[in-house]
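Comments concern the structure below.
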Amino acid sequence: MSVRGSGTASAEQRASARNLRHHKVFALAADAQIHECLVTNMSGEGACFLALEPSRFPDDFALLLQKDGGVLRQCRVVWRMGRLVGVRFVSDR
């Protein structure tokens, strides 16, 4: 996709489209602690969420998309920027 006025090209390198979302999800750490967070966008490959304490999230954790555990995705952190955390899905239930 070209950027108007700049003469340069820019494209997202995503395997699947992002869906903008703003809903509460729960990160389940290996030590059984549950952390609430807010999804800002999600694709079939990963997600970005806003966390109250992103430094407390381990590099690998389970993301509960429903509090009852109905939808669970294993995640690996790929980046952190302030309170934003980007993850890639490594498996699902």
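Taking each residue of region 53-75 that is among the acidic types (Asp, Glu) and looking for partners that are surrounded by 13 or more Cβ atoms within 10 Å (Cβ to Cβ) with beta-carbon atoms closer than 8 Å, six or more apart or interchain, yields 53/35; 59/76; 59/77; 60/74; 60/75; 60/76; 60/77. Count of region 53-79 residues, restricted to those that are modelled with pLDDT under 85 and hydrophobic (A, V, I, L, M, F, W, C), is 4.
In region 1-45, what residues are on the phi > 0 side of the Ramachandran plot and at pLDDT 75 or above? Across region 1-45, the qualifying residue is only 32.
Can you pull out the residues in region 54-91 that are of a type in the set (S, T, N, Q), outside any loop (DSSP other than H, G, I, E, B) and within 16 Å of residue 36 (Cβ to Cβ)? The one that is of a type in the set (S, T, N, Q), outside any loop (DSSP other than H, G, I, E, B) and within 16 Å of residue 36 (Cβ to Cβ): 55.
Residues in region 38-60 that are closer than 16 Å to residue 24 by Cβ and under 11 Å from the mean Cα position of the chain (by Cα): 38, 39, 40, 41, 42, 47, 48, 49, 50, 51.
How many residues does region 68-85 contain that are under 10 Å from residue 27 (Cα atoms) and either hydrophobic (A, V, I, L, M, F, W, C) or surrounded by fewer than 18 Cβ atoms within 10 Å (Cβ to Cβ) (or both)? Show your work before the answer.
Quick first cut of region 68-85, residues under 10 Å from residue 27 (Cα atoms) only: 72-75.
Going one step further and asking which of them are either hydrophobic (A, V, I, L, M, F, W, C) or surrounded by fewer than 18 Cβ atoms within 10 Å (Cβ to Cβ) (or both), we end up with 72, 74-75.
Within region 68-85, residues that are under 10 Å from residue 27 (Cα atoms) and either hydrophobic (A, V, I, L, M, F, W, C) or surrounded by fewer than 18 Cβ atoms within 10 Å (Cβ to Cβ) (or both) number 3.
The values are calculated or read from the model by the stated rules, or taken from the named source; none is laboratory data. Quantities reported herein were computed from a predicted structural model and do not represent experimental measurements. Please note: Cβ atoms are built from the backbone with ideal geometry, for glycine as well, and neighbour counts cover all protein chains shown.
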